[in-house]
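A short write-up of the structure that comes next.
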Amino acid sequence: MVMLAGVSPILLLLVLLLCRVAPSGQEPAPAQLRLVGPWGPAGGGRLEVLYQGRWGTVCDDGFDFHAATVACRQLGYTAAVTWTHSATYGQGEGPIWLDNVRCGGSEGSLAECIHNGWGTSDCHHGEDAGVVCSGQRLPSTPPEATTSAHLGEVPGLSLEEVRLKPILARAKLSMPVMEGAVEVKHNGRWRQVCDAGWTRNNSRVVCGMLGFPREKHVNTSFYRKLWNMKLKDPNSRVRCQGTEPHLARCPTQVAPPAPRQHACPRGMHAIISCLPGPAFQKGTGKGRNKTSQGKVLPVRLRAGTHAGEGRVEVLRHGQWGTVCDKQWDLAAASVVCRQLGYGTAKQALVGAQMGQGLGPIHMSKVQCTGHERSLGECRFQDAEQSGCRHEADAAVRCHVPHMDFQSQVRLAGGRSPEEGVVEVLVPVQGRLQWGAVCGAQWGLNEAMVVCRQLGLGFASHALQETWYWAGSPDAAQVVMSGVRCTGTELALQQCQRHGPVHCPSGGGRFSAGVTC
């Protein structure tokens, strides 16, 4: 170090340190964030950061709920619901700006969290992180009396949840609910929707969200005579094209009524009726993967742990093969879901998130409008031209009707919640009763249905003797025998079984059991 005449070395060192750490007088602005993907306006999507004039992504290494909370608050939402990994909302482009993000949860922006440094990453875009946020998003400009936007962008209007309220007494007892008044969740309360301007395209979108492939005509005049409801909620008018996977993707007009003016001049709920897929019709549990003949390209889902999800496979040239995830989106995924008898798609998954398939890759760059009857009617390229590999196999998660199947089966006596004696709830002499399943002829197909029905994934063992597991005292009677499943049913009650119960070995130690 060069010494200056007459200056103390200690004083010189303090001056140098102060010069090094002194602020420039202008703090850098927090990096701007955005959500990209089909759900972006509704609070979910791939997380992207604007830095040095370029948008880039965030790696999922080290990303957790605290980081998601900071990101959602910075985006203007109230809170985080969850975070996603492995490019759930599709792979981004450009730089990966942040890696190993560590937040405490109280930071004002994602840039304040600990990370490797801008652009310092060993990740690829298959590891892009995403977030799902909730709560009101603060508007950047003052809202006017009438706002046209996606529902997720309307200030104070949260229409992420939709349901049908059954009106007729017999409809209240049936599962799934297929006909009723449309209700949306707004500020934590369920509210009705006015039928003024309601179209069949709107009904198609709502039915899709509820797990139904199609809508049908409903006699609204019958309901008008039966129940003349007066609505006190804002007159929300939705205009869907019928191809949207979610009501939040439809343009809407929200116009608060004038003083002393009724919010819904016609005074009527929006009533819709939906058609269930084959697997959800009464008395059936098969055929959910069947398609009509002709030009319809057969499609199936594989390796999903729950109903309505899995790797997409199509039958071409007599051989089952997969679909490449290039340009894979919710429109194409929804065509697959509807073709299989489900509703629209909740997620279009990329990067072989449901496992890698075998054999050929039949399709790539699939582009659908949303009105196609089958995936084969969409535009696509042969995968050989795109250089795809099975690491890029596409998958879907579909909206499935609420059937309450999970409450009709349980496991008892196991060492963990994933194993035990199978007990089912079935009608016995006119009333519902819990009971055991005869272990004779019990196999892995039947066990797979039970595990799926319980939401526990796949079955690893099917047991015909369960002497080391104690069943429930109220379920000692054998109420089901001769069970035969194909393995694709949604509930054990949909499988073939004996009419009158016939179980010579009796229950007890010879009751059926599973390990999921």
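Checking Q293 against (1) closer than 30 Å to G355 by Cα; (2) at pLDDT 80 or above, which single condition isn't satisfied?
The single condition Q293 does not satisfy is (2).
Answer yes or no: is there a residue in region 352-367 that is open to solvent by less than 70 Å² (accessible area, probe 1.4 Å), in contact (Cβ under 8 Å) with a residue 12 or more places away in the chain, on the phi < 0 side of the Ramachandran plot and under 19 Å from the mean Cα position of the chain (by Cα).
Checking region 352-367: at least one residue is open to solvent by less than 70 Å² (accessible area, probe 1.4 Å), in contact (Cβ under 8 Å) with a residue 12 or more places away in the chain, on the phi < 0 side of the Ramachandran plot and under 19 Å from the mean Cα position of the chain (by Cα).
Cβ contacts < 8 Å: first residue on the phi > 0 side of the Ramachandran plot, restricted to region 198-220; second residue aliphatic (A, V, I, L, M), any location; separation 6+ or different chain. Result?
G211/V400
Just a yes or no: is a residue in region 429-446 of a type in the set (V, I, T) and either closer than 15 Å to F405 by Cβ or open to solvent by 10 Å² or more (accessible area, probe 1.4 Å) (or both)?
No, region 429-446 contains no residue that is of a type in the set (V, I, T) and either closer than 15 Å to F405 by Cβ or open to solvent by 10 Å² or more (accessible area, probe 1.4 Å) (or both).
For every residue, the table says whether it meets (1) modelled with pLDDT under 85; (2) open to solvent by 30 Å² or more (accessible area, probe 1.4 Å); (3) part of a loop (DSSP other than H, G, I, E, B); (4) among the acidic types (D, E).
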residue: G211; (1), (2), (3), (4): no, no, yes, no
residue: R224; (1), (2), (3), (4): yes, yes, no, no
residue: K232; (1), (2), (3), (4): yes, yes, yes, no
residue: Q241; (1), (2), (3), (4): no, yes, yes, no
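Assuming H306 fulfils every condition listed in (1) open to solvent by 30 Å² or more (accessible area, probe 1.4 Å); (2) closer than 19 Å to G37 by Cα; (3) in contact (Cβ under 8 Å) with a residue 60 or more places away in the chain apart from one, which condition is it?
Tallying (1) open to solvent by 30 Å² or more (accessible area, probe 1.4 Å); (2) closer than 19 Å to G37 by Cα; (3) in contact (Cβ under 8 Å) with a residue 60 or more places away in the chain, H306 fails exactly one: (2).
What is the one condition in (1) open to solvent by less than 30 Å² (accessible area, probe 1.4 Å); (2) touching a residue at least 60 places away in the same chain (Cβ under 8 Å); (3) in contact with a Leu (Cβ under 8 Å, 6 or more places away or on another chain); (4) of a type in the set (D, E, K, R) that D393 does not satisfy?
(3)
Counting only residues that are in contact with a Cys (Cβ under 9 Å, 6 or more places away or on another chain) and under 12 Å from D325 (Cα atoms), how many does region 350-373 have?
Counting residues in region 350-373 that are in contact with a Cys (Cβ under 9 Å, 6 or more places away or on another chain) and under 12 Å from D325 (Cα atoms) gives 7.
Checking the conditions here, which among R237, R288 is within 27 Å of P360 (Cα to Cα), at pLDDT below 75 and touching a Ser or Thr at 6+ places or on another chain (Cβ under 7 Å)?
Exactly one of R237, R288 is within 27 Å of P360 (Cα to Cα), at pLDDT below 75 and touching a Ser or Thr at 6+ places or on another chain (Cβ under 7 Å), namely R288.
Got a number for residues in region 455-471 being within 14 Å of G304 (Cα to Cα) and surrounded by 13 or more Cβ atoms within 10 Å (Cβ to Cβ)?
4
The values are calculated or read from the model by the stated rules, or taken from the named source; none is laboratory data. This one's a predicted model, so the numbers in the text were calculated from it and none came from an experiment. Cβ coordinates were reconstructed from backbone atoms using ideal geometry, including for glycine residues, and neighbour counts include every protein chain displayed. In case anyone asks, the SASA skips ligands and DNA or RNA and just uses the protein heavy atoms, side chains included. Shrake-Rupley method; radii C 1.70, N 1.55, O 1.52, S 1.80 Å.
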